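Here is the structure we will look at, set down as structure tokens.
Throughout, read-outs are computed from the coordinates displayed, never taken from laboratory work. Fair warning: this is a prediction, and the values are worked out from it, not measured in the lab. Cβ placement follows ideal geometry from the backbone for every residue including glycine, while neighbour counts extend to all protein chains displayed.
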């Protein structure tokens, strides 16, 4: 019996979330009633291990959404109703495989497996064996929809939750981020290698260099998809005044150039210093020294497998050309590859205003910003709700 580990782990998890990530703590459900737990066992035809029962008696999962508590695997903690639904769905998939394949679904999803954490974007998730006839009863596994279920994540749910508590309390954990009161698991890929081309001469006009694939019109409307990864910060970008976006683009571009070492090239530094504080309709020529240098940076980076600087060259080119909305939308996702607190930096560069809710389809449908192309959402909304424009 390891239920004492479950209670001790939840004490630590609750305390940490309440202190550091109150928005995530608020998504935790109250305890599940005993009779509901027994009903779920009967519906699934399984016997929940004592650890799973103890965990449900602390929190009946967490409600879905960007603030939800997730394990460091990316899986959201499920409540009883979601457990029953997700487990039933996986059983149906396994039954279909048994009918279609000669080898059946052995090792894919056994009847006694129960999914208690879901990745949600796919059927992937974390599972616990609830068949007391098996040696793996009570142990934790990981399900992948392409390969099936593999146990060995932890010997018990108590041990699994203890690992989560350890990760939360580890101040040096590379993937644990807190932004605006919510927990996010997102680890940067690591430190950037040294940039060794800072003193290289500017390539001549006869040197063959890769294109930067920039739009002919720097003021081209930004597709909403470029803002998806920014969450509530994307809603800020979409609604703040254009002057604020231009200032944020300057700040983000300077951060990127300095962190990657590309600011050591005078052509790039001078172009960033010259960026206007408002959206400008007179971009520099495509064959100017700054863009020529950025094409050379892209070529050098690609030849050495330096993905970050190859992308950074393109994002800085958007900033230099005056595509402020594009720069603000894409530079943060490039910085996320090596900077854990990129959201805090972007929020500061946007002026630090109160954060709106995470934008949904209706937000984008009702957006009225001529710099952002949300026409597809507006058409969907008008068709769905028969709104006459």
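Ordering of 378-385, 183-190 by packing is 183-190, 378-385, highest average first (other Cβ atoms within 10 Å, averaged per residue). With q set to 0.17 Å⁻¹, the log10 of I(q)/I(0) for the range 3-185, from the Debye formula over equal scatterers at the Cα positions, is -1.07. For the range 222-381, the extents of the C-alpha atoms along the principal axes are 45, 34, 28 Å, listed from largest to smallest. By the helix-only formula, in which each DSSP H run with n ≥ 4 contributes -39500 (n - 2.57) and the sum is divided by residues, the chain has a 222 nm mean residue ellipticity of -14000 deg cm²/dmol. Contact order for the range 222-381, expressed relative to its length and based on alpha carbon pairs under 8 Å spaced 6+ residues apart, stands at 36 percent.
The angle between the Cα long axis of helix 80-100 and the longest principal axis of the Cα atoms of the chain comes to about 90 degrees, rounded to the nearest 10.
Each peptide in 240-247, 88-95 gets a packing score, the mean of other Cβ atoms within 10 Å over its residues, and the list from highest to lowest is 240-247, 88-95.
Shown here: volume of the Cα convex hull per residue in Å³, derived from the displayed model; of the candidates (i) 159; (ii) 180; (iii) 190, it corresponds to (iii). Each part gets one Cα centre, and for the range 333-357 versus the range 152-189 those centres are 21 Å apart. Where q = 0.13, 0.23, 0.24, 0.26 Å⁻¹, what log10 of I(q)/I(0) comes from the Debye formula for the range 297-359, counting one point per Cα? Log10 of I(q)/I(0), two decimals: -0.42, -1.01, -1.06, -1.13.
For the options 62, 136, 147, a Gaussian network treatment of the chain with springs between C-alpha atoms closer than 10 Å singles out 147 as fluctuating the most.
Please state the relative contact order of the chain as a whole percent: Cα pairs under 8 Å, 6+ residues apart?
Once normalised by length, the contact order is 15 percent.
Take every pair of alpha-carbon atoms less than 8 Å apart whose residues are at least six positions apart; their mean separation over the length of the range 3-185 yields a relative contact order of 25 percent.
Between the range 23-87 and the range 292-320, how many Å separate their Cα centres? Taking the Cα centre of each part, the range 23-87 and the range 292-320 sit 46 Å apart. From the square roots a ≥ b ≥ c of the eigenvalues of the alpha-carbon gyration tensor of the range 171-243, which class results: rounded (a/c under 1.5), prolate (a/b over b/c), or oblate? Oblate, since a/c reaches 1.5 and b/c is not below a/b. Based on the Cβ-Cβ distance from residue 348 to residue 93, what FRET efficiency comes out when R0 is 45 Å, to the nearest 0.05? After rounding, the FRET efficiency stands at 0.50.
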